[in-house]
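Inspection log for the structure reproduced underneath, given as structure tokens.
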Amino acid sequence: METQVVETPYGRPSAPLRVGAFGPHRIAFMARHGEGHALPPHRINYRANLWALKSIGGARVIAVNSVGGITEAWGPRVIGVPDQIIDYTQGRTVSLWDGEGEALHVDFGEPYTPALRRALVEAAKAAAVPVVDGGCYAATQGPRLETRAEIERLRRDGCDLVGMTGMPEAALARELGLDYACLAIVANWAAGRAPTEEVITLDEVLANMAAATAPLPGLLRALRF
Ligand code: HPA
């Protein structure tokens, strides 16, 4: 893998890009939280990250997001490919438009690119990795986790999973004309959703993430466009 530092009109991306071959594809990896995980979700420069990926010839973005599970199918260690989003974030920079040129009103009825979603679900099948196909991602502001009442509201709104980095990333990808889909990895039950009252420990969350991400390289290698 080769490292590429990209300057963008929107400032600095979270990290240098790691570019190289992976299976049949050329891929570029962007650590959205920065190397060493120094950037909280509300401080990520989503515009610079996506612009950097596009500037080196990227056409498709697979957003790997750790999430909390809200509905039954989305328990810890589940991998899923959501098909809808509700944006509950506040105060983030939500468009590439910076006061010059025409304002954009991109179509966002299908926030994830259907063909890329299908390719992920097919790759999972080919690699024998169980995935949930479809679900509504609630993008919350963080960095704190949600209250039980907030999660209950998200559930009533029809959300299945909750994370802090899904927006405005998906909308910016659409503005840039990048295909975009999400591979969501469930780290924990969202607040109040666990079947038992036991407190979740960080060790458990890390163990869940390690277990759930283990099949990802196989799944990504099986991707065909
Ligand atoms: N809430 C929001 N984001 C998350 C969670 C959660 O419970 N788990 C992992 N990312």
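The values are calculated or read from the model by the stated rules, or taken from the named source; none is laboratory data. Keep in mind it's a predicted model, so treat the numbers as computed, not measured. Heads up, the Cβs are rebuilt from the backbone with ideal geometry, glycines too, and the neighbour counts pull from every protein chain shown. Side chains are part of the model used for accessible areas, which takes the heavy atoms of the whole protein and leaves out ligands, DNA and RNA. Shrake-Rupley method; radii C 1.70, N 1.55, O 1.52, S 1.80 Å.
See the values below:
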| quantity | calculated |
| --- | --- |
| Rounded if a/c under 1.5, otherwise prolate or oblate - region 117-225, Cα gyration tensor axes | oblate |
| Exposed-loop-free span, longest in the chain, where trypsin sites (Lys or Arg not before Pro) count as exposed if DSSP calls them loop and at most 15 other C-beta atoms lie within 10 Å | 1-143 |
| Computed E for Thr201/His25 - FRET, C-beta separation, R0 25 angstrom, nearest 0.05 | 0.10 |
| Nearest-10 value in Å² for the accessible area of Phe22, using the 1.4 Å probe | 40 |
| Förster-model FRET efficiency, 41 Å R0, Ala214 and Glu152, C-beta, rounded to 0.05 | 0.80 |
| Centre separation in Å (Cα based) which lies between region 86-137 and region 172-225 | 15 |
| Inter-label distance, nm, simple model (7 Å from Cα along the C-beta direction), Val64/Arg43 | 2.3 |
| Exposure ranking of Leu145, Leu183 by accessible area [1.4 Å probe, largest first] | Leu145, Leu183 |
| Solvent accessible area, Å² - Ser55, 1.4 Å probe, full protein context | 60 |
| Heavy-atom surface of the chain, accessible at 1.4 Å and reported per residue (Å²) | 52 |
| Exposed-loop-free span, longest in the chain, where GluC sites (Glu not before Pro) count as exposed if DSSP calls them loop and at most 14 other C-beta atoms lie within 10 Å | 103-196 |
| Region 53-188 pair-distance distribution - Cα-Cα, 10 Å bins, rounded % | 12, 42, 33, 12, 1 |
| Other-chain or far-sequence residues with amide H under 5 Å of Val64's (modelled H) | Leu183 |
